[in-house]
1. Out of curiosity, is residue 156 within 25 Å of residue 215 (Cβ to Cβ), assigned to a helix (DSSP H, G or I) and assigned by TED's automatic domain parsing to the domain that holds residue 200?
2. When residue 284 is evaluated against the numbered criteria (1) under 30 Å from residue 262 (Cβ atoms); (2) buried (at least 21 other Cβ atoms within 10 Å of the Cβ); (3) touching a helix residue (DSSP H, G or I) at 6+ places or on another chain (Cβ under 7 Å), which criterion, by number, is the only one it fails?
3. Within the stretch 65-94, how many residues are crowded, with 16+ Cβ neighbours inside 10 Å and more than 24 Å from residue 282 (Cα to Cα)?
4. What pairs come up if the first residue lies in the stretch 99-122 and is outside the structural domain of residue 76 (by TED's automatic domain parsing) and within 10 Å of residue 56 (Cα to Cα), the second is at pLDDT below 95 and not in a strand (DSSP E or B), and their beta carbons are under 9 Å apart, counting only those six or more places apart or on different chains?
5. I'd like the full set of residues that are within 19 Å of the chain's Cα centre (by Cα) and not in a strand (DSSP E or B), limited to the stretch 89-114.
6. Scan the stretch 126-140 and report the pairs whose first residue is under 13 Å from residue 66 (Cα atoms) and whose second residue is assigned to a strand (DSSP E or B) and at pLDDT 95 or above, with Cβ atoms within less than 6 Å and a gap of 6+ or a chain change.
7. Name the residues in the stretch 256-273 that are in contact (Cβ under 8 Å) with a residue 60 or more places away in the chain and under 23 Å from residue 314 (Cβ atoms), would you?
8. Would you say residue 113 is modelled with pLDDT of 95 or more and surrounded by fewer than 17 Cβ atoms within 10 Å (Cβ to Cβ)?
């Protein structure tokens, strides 16, 4: 049965085109996906991300548990409110999910995990938590709205209680704090996002979500659907779980080595497999592609090069660049000149370092 967020009727009233996304009825756009993309790059847009799963962890050994559970080191979080991005791996080093963890107290950490992986994530986390006597509590009573763009923070700040405004304005990137929104509604405001733009992801009790969405719209924040969110995150060089990585892929193969902490003495799930693969040589690498000519790069297309055959992972027209870009996974080694098979036609593409877009503009070499 398809699930609906508390904002479902609000999206439909705005004329959104709805699609099934990981078992959720979600807005893909409200008319023009490209206009929504540009609104986020140039001003401020908002996304309903209430399908994401919030999981709270409580217990005296929660930090110790997260040292074991995550490939990144939770001990990087020393100040309450700070956040960390990490992969959660199986014993073979495959990516079960990527997530954000918030440090809210020595006995209280919060995870935000992907919608499509909710069931397996909860089962895995709960199974691993038993040995550490950590309480795992899903928080389905929360909704989440992401407000992103160069003017996003200013639009949110004007809606906050005046006492909270200076504190939230000073909030650093990858940090979060509680605040009061319109009509005193309680908010958990995190300076995080999935677009490459500045902004906030706001967790709010479901009963206040519609009012918060309406207040943001009245403040000039444009509704944006998951279509624009996808092209924005691709331009920004951000992986999508299930498309760019899954249990068959290690962080080394997903260009997520920067999220792995092989710190001395810490034993985490999947570490032995990662060390073994690194020592033997990683067989596949994830790269960026740019198509300067006509055509669109799509998931599943073959990538041909000197090192062998690979495939396009995420691929799309990039509105900020006015050309197609993609992530691809190809055999390690000298790639040589790369071509993509588009409907039986081999089209030359450029291999580039991503992100493709930063601060609303094309990165060097793109």
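The values are calculated or read from the model by the stated rules, or taken from the named source; none is laboratory data. Bear in mind the structure is a predicted one, so any value in this text is a computation, not a measurement. As a convention, Cβ positions derive from the backbone with ideal geometry for all residues, glycine included, and neighbour counts pool all protein chains shown.
1. Working: within 25 Å of residue 215 (Cβ to Cβ): yes; assigned to a helix (DSSP H, G or I): yes; assigned by TED's automatic domain parsing to the domain that holds residue 200: yes.
Yes, satisfied.
2. Only one criterion in (1) under 30 Å from residue 262 (Cβ atoms); (2) buried (at least 21 other Cβ atoms within 10 Å of the Cβ); (3) touching a helix residue (DSSP H, G or I) at 6+ places or on another chain (Cβ under 7 Å) is unmet by residue 284, namely (2).
3. Counting residues in the stretch 65-94 that are crowded, with 16+ Cβ neighbours inside 10 Å and more than 24 Å from residue 282 (Cα to Cα) gives 9.
4. Close Cβ pairs satisfying both conditions: none exist.
5. To start, the set of residues in the stretch 89-114 that are within 19 Å of the chain's Cα centre (by Cα) comprises 89, 94-103, 109-114.
The answer is 94, 114.
6. Cβ pairs passing all conditions: 126/136; 129/136; 134/57; 135/58.
7. Within the stretch 256-273, 256, 259, 260 qualify.
8. Details: modelled with pLDDT of 95 or more: yes; surrounded by fewer than 17 Cβ atoms within 10 Å (Cβ to Cβ): no.
For residue 113, the condition - modelled with pLDDT of 95 or more and surrounded by fewer than 17 Cβ atoms within 10 Å (Cβ to Cβ) - is not met.
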